[in-house]
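For reference, the structure discussed in these notes is given below.
The values are calculated or read from the model by the stated rules, or taken from the named source; none is laboratory data. In this text the structure is predicted, and so the values were computed from the model without any measurement. Cβ sites come from the backbone with ideal geometry, for glycine too, and all protein chains shown count toward neighbours.
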């Protein structure tokens, strides 16, 4: 058992600053445990969002010593012992209070992505056949727990504040999961190019580095989507085909 | 009069886990306007934690399976206290509900011929759980969420409901606040669906998140609805026990489904020592048979680790009590041993149980492909809940529906693993359908200001009181501690009488709690408001458990260790009496329909 010192950001959207706290640390504790202990001992109105405490729901995202992390999966024993631990809210989103940010933009932006549209069922009972090999890459994307740490760290959103022009890595992964779904028939490439700003991503891979689910966001989701967009819009043959395709009526699945 | 914002919908769904989302989707499809209230952000509800799979007799892996076998398994698992009509509907409709998810984009793991793969689980005769590795709940909630947001429903994220509003006998709305800013909301609705999940936060060691404070149970009870089967609380046999801060976090039954074994400090596979009579015929009596069963041998019988959760949990408690536990008061769960059987064991385990691998590696420094886990029972699920009509899911109060964990009837004395995800799909769909129908047939009710005023003052009370020494967190901790100790896995008369005294005392203290700060995202205030429902469900569990003087399913009394036939034919219900006291009734179990009785006989 040892005492750990914390600098936790307190305040609302208007103003705020760091406050100092300290609490006793037991074996195996994670940062979220320490925050809860501080809450119960000395700061009952310290705002923190959390749910499962097992890395499965993606609620407790924050910046610990400057690194975007899930607080429930950051062990105290992995942080330097001799200095104060800094905890602050995600910077790419407006602060509501203390460690809680307004992430509603992510939900609004998701509405822009066209939903799943399956092909006709393969069998008379309304089911489909798919090989495990063909769904595995999509299953990687569907591991996403929507913690929005990738959105937080993306410089297009964080530094350039281009939330209107670019939907961010999380929603690129969402697009990839739909576009590469073996049953899906929808076309999202035009939206990706125009409204969702895929061109803004310049592949710095910061999103991949912070993903707690270890999804290879840039290499497996964004780059293949970029290639598809390029193939569709900048390849002369595809451009021609697209003109013909747009003349056909859009057949329902 | 305090300020509040009003919203009006035909159907208001409270809770946005699997059951709430499925209900909201169905009601939207019926063409009525739907409001969906969630205590957290959308997609974070407890369904996200479900690991092993969703039970449905698709018969993709074993063509001997069918709804009738699933029905018989569910009834046996529930020790014949389940509502047989719900068990029938559930078994019949679960396959369609699962296939429908695939049409909405879910990607379940596949069989070699490209269909939905199914795995073995405790109490299910055949491989029946459709799954995605060990993150099935995430796949389900994300599928429902991503489909649901395009169906036209209004979603109220981070809103908590503190009271239902009535017009005479009928529920016509709800009062609550948004957690972010603390602004008050009045929701007017022609029908209300409760889908708030369980009560795990009434106990100290639990796999449940902070949200599981029995809100739906408490709201319904306060509005005059009856609760059913509250004595039956499921303690999942395998939760993490070390380090202390992760105590209670779930370790999926899927570990045992894939061949994991339970051993004690002497290295003995103790589950072979005590196999209940009901399951003697269907349980392996040697290690090799158990192993080949987990690898798909259709002739083999299942290993004893896959007996029902109530039984496995009690065997683990016995080992620990008799001094054969692990260093941190658990037992060992070992999947690494399968390297004796499979050359690619490490890769196999990581592929089948990725989040378990991740969870132990990150939180406990344990590599489950190389060493055994330490596990012990954790409060996981409440079979009891709002008493509902089997077909429509309407409670005993008109206009009030309930589905999923906060409703009761399907699981009887013990729930089989995998039957919860199918429960919330089947009965979420039904609740949505019949709530929409009810809303179409009934006009709007009137809500008098007095009810709203009363709810406002109750909600603000913790701010209005003079600063006292009562801290809401301390009261919650004490309740959890005492419920675990006095009304936990092993119960007796004296302990539970003491629990009732403790609950009464804590209720008085809760009435004196004061909180600091303002209404914006204030955890102290939120915790103070949660206490009311936690205390109601704790009292309901303790009183029902006192009433049932026998041991059956998840309810075990050391002062009445055996089953008592008289209790085998009654369910216990509870409702709020005229003077506010908790009234208990014993209600006879409905006699089985003949064809269903025959199915049970065939599958004995």
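General observations
- Qualifying position, being modelled with pLDDT under 95 and within 11 Å of chain B (Cβ to nearest Cβ), among A:78, A:98, A:102: A:78
- Counting the residues of the stretch B:226-241 that are within 13 Å of another protein chain (Cβ to nearest Cβ) and not in a strand (DSSP E or B) gives 1.
- Residue B:512 falls short on exactly one of the conditions (1) within 14 Å of another protein chain (Cβ to nearest Cβ); (2) assigned to a loop (DSSP other than H, G, I, E, B), and that condition is (1).
- For residue B:409, the criteria (1) part of a helix (DSSP H, G or I); (2) in contact (Cβ under 8 Å) with a residue 60 or more places away in the chain; (3) under 29 Å from residue B:190 (Cα atoms) hold in every case but one, which is (1).
- Counted residues, the stretch B:128-150 - those being at the interface with another protein chain (Cβ under 9 Å from one of its Cβ atoms), assigned to a loop (DSSP other than H, G, I, E, B) and touching a helix residue (DSSP H, G or I) at 6+ places or on another chain (Cβ under 6 Å): 3
- Pairs are defined by a Cβ separation below 7 Å, a sequence spacing of at least 6 or placement on different chains, a first member in the stretch B:234-246 that is within 14 Å of residue A:53 (Cα to Cα), and a second member that is assigned to a helix (DSSP H, G or I); the pairs so defined are B:240/B:246; B:240/B:364; B:243/B:364; B:245/A:33; B:246/B:363; B:246/B:364.
- Within the stretch A:126-137, residues that are more than 7 Å from chain B (Cβ to nearest Cβ) have Cβ atoms under 8 Å from residues that are at pLDDT 95 or above in these pairs: A:134/A:182; A:137/A:180; A:137/A:220, counting only partners at least 6 apart in sequence or on another chain.
- Hits in the stretch B:185-225 - residues which are in a strand (DSSP E or B) and farther than 22 Å from residue B:2 by Cα: B:190, B:191, B:192, B:193, B:194, B:206
- The residues of the stretch B:453-497 that are more than 24 Å from residue B:212 (Cβ to Cβ), more than 14 Å from chain A (Cβ to nearest Cβ) and either in a helix (DSSP H, G or I) or touching a strand residue (DSSP E or B) at 6+ places or on another chain (Cβ under 7 Å) (or both), listed by number, are B:453, B:454, B:456, B:457, B:460, B:464, B:492, B:493, B:494, B:497.
- Tallying residues that are surrounded by fewer than 21 Cβ atoms within 10 Å (Cβ to Cβ) and not in a helix (DSSP H, G or I) within the stretch A:153-175 yields 7.
- In the stretch A:9-32, the residues that are within 13 Å of chain B (Cβ to nearest Cβ), touching a residue at least 40 places away in the same chain (Cβ under 8 Å) and surrounded by 14 or more Cβ atoms within 10 Å (Cβ to Cβ): A:10, A:11, A:12, A:16, A:25, A:28, A:29, A:30, A:31, A:32
- Hey, residue B:291 out of contact with any helix residue (DSSP H, G or I) (no Cβ under 6 Å at 6 or more places or on another chain), within 14 Å of chain A (Cβ to nearest Cβ) and either more than 22 Å from residue B:551 (Cβ to Cβ) or not in a helix (DSSP H, G or I) (or both) or not: no
- Checklist (1) over 26 Å from the mean Cα position of the chain (by Cα); (2) over 30 Å from residue A:13 (Cα atoms); (3) in a loop (DSSP other than H, G, I, E, B); (4) in contact (Cβ under 8 Å) with a residue 40 or more places away in the chain applied to residue B:182, failing item: (2)
- The test for being within 14 Å of another protein chain (Cβ to nearest Cβ) and either crowded, with 21+ Cβ neighbours inside 10 Å or closer than 27 Å to residue B:53 by Cβ (or both) does not hold for residue B:282.
- Yes/no for residue B:153 being under 27 Å from residue B:219 (Cα atoms), more than 10 Å from chain A (Cβ to nearest Cβ) and more than 22 Å from the chain's Cα centre (by Cα): yes
- The residues in the stretch B:247-279 that are free of Cβ contacts under 8 Å to residues at least 40 places away in the same chain and assigned to a loop (DSSP other than H, G, I, E, B) can be counted, and the count is 4.
- Residue match in the stretch B:31-39 (condition: within 14 Å of another protein chain (Cβ to nearest Cβ), over 16 Å from the mean Cα position of the chain (by Cα) and within 23 Å of residue B:417 (Cβ to Cβ)): no
- For residue B:440, the conditions (1) within 26 Å of residue B:198 (Cβ to Cβ); (2) surrounded by fewer than 24 Cβ atoms within 10 Å (Cβ to Cβ); (3) at pLDDT 95 or above all hold with the exception of (1).
- Any chance residue A:150 is in a loop (DSSP other than H, G, I, E, B) and at pLDDT 95 or above: no
- Residue match in the stretch B:524-537 (condition: at pLDDT 95 or above and part of a loop (DSSP other than H, G, I, E, B)): no
- Tally of residues being away from every other protein chain (no Cβ under 14 Å) and closer than 15 Å to residue B:251 by Cβ across the stretch B:356-372: 5
- Test result for residue B:81, touching a residue at least 12 places away in the same chain (Cβ under 8 Å), touching a strand residue (DSSP E or B) at 6+ places or on another chain (Cβ under 7 Å), over 25 Å from residue B:353 (Cα atoms) and within 9 Å of another protein chain (Cβ to nearest Cβ): no
- Filter pass, residue B:200 being closer than 25 Å to residue B:381 by Cβ and in contact with a helix residue (DSSP H, G or I) (Cβ under 6 Å, 6 or more places away or on another chain): no
- Among the candidates B:338, B:368, B:349, residue that is in contact with a helix residue (DSSP H, G or I) (Cβ under 7 Å, 6 or more places away or on another chain), part of a loop (DSSP other than H, G, I, E, B) and in contact (Cβ under 8 Å) with a residue 12 or more places away in the chain: B:368
- Condition check for residue A:54: in contact with a helix residue (DSSP H, G or I) (Cβ under 7 Å, 6 or more places away or on another chain), within 14 Å of chain B (Cβ to nearest Cβ), under 23 Å from residue B:209 (Cα atoms) and modelled with pLDDT of 95 or more: no
- Residue that is surrounded by the fewest Cβ atoms within 10 Å (Cβ to Cβ) [pool: residues in the stretch B:43-69 that are free of Cβ contacts under 8 Å to residues at least 40 places away in the same chain, out of contact with any helix residue (DSSP H, G or I) (no Cβ under 8 Å at 6 or more places or on another chain) and over 19 Å from residue B:359 (Cβ atoms)]: B:63
- Remark: residue A:60 falls outside the filter, which requires a residue to be surrounded by 15 or more Cβ atoms within 10 Å (Cβ to Cβ) and out of contact with any strand residue (DSSP E or B) (no Cβ under 6 Å at 6 or more places or on another chain).
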